[in-house]
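The structure under discussion appears below in the form of structure tokens.
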Amino acid sequence: MRKFLMGLFYTLLGLFLVFVAGGYALPGAAHVERSTLVNAPPEKVFAIVSDLQRAREWSPWIALDPAMTMTFDGPGGNTAAGVGQKMSWISTNPNVGTGSQETMELVANSKVVTVLDFGDMGKATATITLATEGNGTKVTWGFDTPLNSTVERWFGLMFDRFIGPDYEKGLANLKALAEKQG
């Protein structure tokens with residue numbers, strides 16, 4: 001019995017060491033990215049994605065909880081689109097949660113960078129880039145977050161599987177919205 005318990009102990013210790021050492025060998029950041037082609041000019045798409053209030057029209061997460069509370073702020077209380085515009089939300093749906101998103105950088109008709117704050121779950125950066133492609137716009141939506149602990153690094157292996165389908169749904173919504181308005 002003692003041999004069995006010692007064998008079990010060493011096996012568990014070995015697995016723990018592999019978990020910890022393996023975690024340090026994994027990337028220190030997660031990146032998720034999806035793209036689509038929208039049959040609308042960049043300025044039309046930019047008008048939608050640069051205004052956080054318009055996220056209600058295409059965000060896949062807002063559709064998950066229509067009852068969520070959303071507030072919008074900006075520099076000097078201005079809620080107009082631009083750098084400093086901030087959207088905060090509160091939801092009891094665990095797939096939506098509570099957090100905020102603030103516009104940090106805008107490059108007219110080509111780029112929107114926002115910082116997402118999920119409270120205890122950490123921060124991330126979302127970037128939407130627009131590029132003219134033929135008669136339309138290639139829209140690329142990216143998500144980046146640091147992975148600081150061993151557990152986060154292992155969890156980071158699943159980010160693409162967790163977030164990717166939502167980004168695809170959001171881009172399909174955005175495409176339909178921009179093309180409908182055109």
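We did not get these values from a lab; they are worked out from the coordinates using the rules stated. All values reported here derive from a predicted model rather than from experimental measurement. FYI the Cβ positions are ideal-geometry reconstructions off the backbone, even for glycines, and counts take in every protein chain you see.
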Subject >> For the chain, calculated [θ]222 nm from helices alone, where every DSSP H run of n ≥ 4 adds -39500 (n - 2.57) >> reply: -11000 deg cm²/dmol
**OP:** Work out how much length Met70 to Leu26 would gain on full extension: take 0.36 nm times their residue separation and subtract the Cα-Cα distance, in nm to one decimal.
**Re:** 12.2 nm
**OP:** Work out how much length Phe4 to Thr140 would gain on full extension: take 0.36 nm times their residue separation and subtract the Cα-Cα distance, in nm to one decimal.
**Re:** 43.5 nm
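In a shell of Cβ-Cβ distance under 10 Å around Phe143, excluding Phe143 itself, what net charge do Lys and Arg (+1) and Asp and Glu (-1) give?
Details: positive: Arg34; negative: Glu33, Asp144, Asp160, Asp166.
Around Phe143, the charge tally is -3.
Once you order the gyration tensor axes a ≥ b ≥ c over the Cα atoms, which shape class does the chain get: rounded for a/c under 1.5, otherwise prolate or oblate by comparing a/b with b/c?
Details: a/c = 2.66, a/b = 2.08, b/c = 1.28.
Prolate shape, in that a/c is at least 1.5 and a/b is the bigger ratio.
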**OP:** Please give the FRET efficiency for Met104 paired with Ala80, using the beta carbon to beta carbon distance and R0 = 22 Å, rounded to the nearest 0.05.
**Re:** 0.90
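Name the helices (complete DSSP H segments) of the chain with a Cα length along the long axis of 20 Å or more and a Kyte-Doolittle mean of at least 0.5, or state none.
Values: long enough: 2-25 (34 Å, 1.44); 159-181 (32 Å, -0.61).
Result, helices passing both filters: 2-25.
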Subject >> Residue-wise HN-Hα coupling along region 60-70, computed from phi with Karplus coefficients 6.51, -1.76, 1.60 (Hz; x: Gly, Pro) >> reply: x, 7, 5, 5, 5, 9, x, 8, 5, 8, 10
Subject >> Asp120-Arg161 pseudo-label distance in nm [points 7 Å out on the Cα-to-Cβ vector] >> reply: 2.5 nm
Subject >> Normalised contact order of region 52-108, rounded percent, pairs of Cα under 8 Å and 6 or more residues apart >> reply: 30 percent
